[in-house]
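*Asks:* Quick one: the structure is below, and I'll ask about it shortly.
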Amino acid sequence: MRELRAVMGAALLALAAMSWGAGPAVAAEDEIRIGAVWGLTGPTAGVSQEGRRGMEMAQELINRKGVLGKKIRVIFEDDKADPAVGVSATEKLITQDKVVAFVGGVGSTICNAMLGAFEKYNPRPIGVLTGCGATTIEQRFGKERGYFFVHPWEYYYQSTMRDFLLSLTPRPQTVFIAHEDRLYGTSHAKMADEYFKEAGFKVVAREGFKSGAPDLTPLLTRAKGMNPDVFYWIAYGADAILITKQGKELGFNPRLYASTVQLGTQEYRDAVGLDNAEAFVGITVWEPNADFAASREWPDLLPSTRDWVREYTARYKREPHYYSIMSYVALVAAAKGIEAAGSLDREKVVAAIEKINTMSPMGPLKFSPSKFAVNHAFKQMMIFQWQKGQKALLFPRDTATGAVRYPFPPWTPR
């Protein structure tokens, strides 16, 4: 009986895989379905909502002409920043919704779980993915041609932050690294530790915490007691808000507060207030004051940076985050790959996306090899600082729009 149940279970799994493989043929004739798994609630909600807005804008503009005579339909699912929920959402999109590709996403922990779920299906889904930054993912899944990674890998992050710290005068000597305790945070923190030590910085501690925790006072108290020159944390938007508020309550004044991408959202600035955000440093892939020309091939979908920002701001009455434009460009790439392939045949679509080489409002759009992945797009990183409610670009020097405010101004007068 056990053997019979095992055989039946395997047969059902195979049937699910085959039904996905045949999915495009049985999907609604007038639409091409794209799956999008984002942390729309929970600690990654800020950047996830930015990504959703970017994809919704791309979907509307793509559908003015359509793709292969059909409309693109993006089906969004909320992973709640929980990898188990993300896997369930992924499998639902594959087996029930019959999506032909996945686009978007945020968080290496979720991305790693999703790609693990992809492995159960034959053929594997195509992914144009915005949320994968851990080198662990690059090493594990990077050789799969059907996975197109849009987000920079963690070594681009940490080498840029290291070089920025080296550029400061007086140069900081000690760094406390705090990080969320799942794949995203631990992987980035390990690499930051290595890069900083190689550059001559003393890492006084590397400590993990649970993202979304209601109280980080014990962590911040320990950090304050070590009196580091730099407090550097790697986590999500809700964590950035809490660290800022509780750092102020404790009177914790390192010479520099620095973090990663989640620090750059409008939600962060609004939640902590302009005065409290002042002089916090973050890292980004793109900012709205970038200046890239329109695509020669598809200027209607990939206009200049200035025109794209104007359109986004008019629609949503807010400044775009880099996840907004990254998810937008990713969906355009998927749609143009399908269009160039002339069908939904997986191998033809993969080959067509690999041939994309054009300008975009985010910069040159071309998938090329990285250290371990065969198809990777954007690699540039920039350092910004909140100054009077705006993000001033500080580093690299050739992108700078302002000078660093350093050391960090005391909390007391605020």
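The values are calculated or read from the model by the stated rules, or taken from the named source; none is laboratory data. Only a predicted model underlies this, so the values are computations on that prediction, with no experimental measurement involved. With ideal geometry, Cβ positions are generated from the backbone for all residues, glycine too; neighbour counts draw on all protein chains shown.
*Asks:* Hey, among I234, I283, I241, which residue is free of Cβ contacts under 8 Å to residues at least 60 places away in the same chain and either within 22 Å of F395 (Cα to Cα) or of a type in the set (S, T, Y) (or both)?
*Replies:* Checking each option against the conditions leaves just I234.
*Asks:* Residue under question is A277, and the condition is that it be in the same structural domain as V332 (by TED's automatic domain parsing), of a type in the set (A, V, I, L, M, F, W, C) and either in contact with a Lys or Arg (Cβ under 7 Å, 6 or more places away or on another chain) or over 22 Å from R405 (Cβ atoms) (or both); does it hold?
*Replies:* No: the conditions fail for A277.
*Asks:* Considering each of S187, S159, S211, S167 in turn, give the residue that is within 30 Å of N357 (Cα to Cα) and polar (S, T, N, Q).
*Replies:* S159
*Asks:* Within the stretch 368-392, track down each residue that is touching a helix residue (DSSP H, G or I) at 6+ places or on another chain (Cβ under 6 Å) and buried (at least 19 other Cβ atoms within 10 Å of the Cβ).
*Replies:* Matches in the stretch 368-392: A373, M381, M382, I383, W386.
*Asks:* Quickly run through the stretch 365-414 and pick out the residues that are among the charged types (D, E, K, R) and over 30 Å from A351 (Cα atoms).
*Replies:* Of everything in the stretch 365-414, those that are among the charged types (D, E, K, R) and over 30 Å from A351 (Cα atoms) turn out to be K388, K391, R397, D398, R405, R414.
*Asks:* Quick test of your reading of the structure: I353 fulfils all but one of (1) buried (at least 20 other Cβ atoms within 10 Å of the Cβ); (2) without any contact (Cβ under 8 Å) to a residue 12 or more places away in the chain; (3) of a type outside the set (F, W, Y). Name the failing condition by number.
*Replies:* Here I353 clears every test but (2).
The rows are residues; the columns are (1) under 17 Å from Q390 (Cβ atoms); (2) modelled with pLDDT of 95 or more.
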site	(1), (2)
F231	no, yes
I234	no, yes
K245	no, yes
L250	no, yes
L256	no, yes
T260	no, no
Q266	yes, no
R269	yes, no
V272	yes, yes
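*Asks:* Count, please, the residues in the stretch 276-307 that happen to be surrounded by fewer than 18 Cβ atoms within 10 Å (Cβ to Cβ) and modelled with pLDDT under 95.
*Replies:* 2
*Asks:* If you don't mind, there's one more thing I want to ask. What do you reckon, is V404 buried (at least 16 other Cβ atoms within 10 Å of the Cβ), at pLDDT 95 or above and not assigned by TED's automatic domain parsing to the domain that holds A134?
*Replies:* Judged against the criteria, V404 is a match.
*Asks:* Follow-up. Could you give me the residue pairs with C-beta distances under 9 Å whose first residue belongs to the stretch 196-214 and is in the same structural domain as G237 (by TED's automatic domain parsing), whose second residue is assigned to a strand (DSSP E or B) and of a type in the set (K, R) wherever it lies, and which are 6+ apart or on separate chains?
*Replies:* If the second residue must be assigned to a strand (DSSP E or B) and of a type in the set (K, R), the pairs left are F196/K202.
*Asks:* Whether any residue in the stretch 303-323 is closer than 28 Å to G69 by Cα, β-branched (V, I, T) and in a helix (DSSP H, G or I) is what I want to check.
*Replies:* No; the residues of the stretch 303-323 include none that is closer than 28 Å to G69 by Cα, β-branched (V, I, T) and in a helix (DSSP H, G or I).
*Asks:* Would you point out which residue out of P409, P364 is farther than 25 Å from R171 by Cα and surrounded by fewer than 17 Cβ atoms within 10 Å (Cβ to Cβ)?
*Replies:* P364
*Asks:* Another question about this same structure. When you scan the stretch 367-376, do you find a residue that is in contact with an Asp or Glu (Cβ under 6 Å, 6 or more places away or on another chain), over 23 Å from P288 (Cα atoms) and hydrophobic (A, V, I, L, M, F, W, C), even just one?
*Replies:* The answer is yes, given that some residue of the stretch 367-376 is in contact with an Asp or Glu (Cβ under 6 Å, 6 or more places away or on another chain), over 23 Å from P288 (Cα atoms) and hydrophobic (A, V, I, L, M, F, W, C).
*Asks:* Among the candidates A178, A192, which residue alone is crowded, with 21+ Cβ neighbours inside 10 Å, part of a strand (DSSP E or B) and of a type in the set (A, V, I, L, M)?
*Replies:* Checking each option against the conditions leaves just A178.
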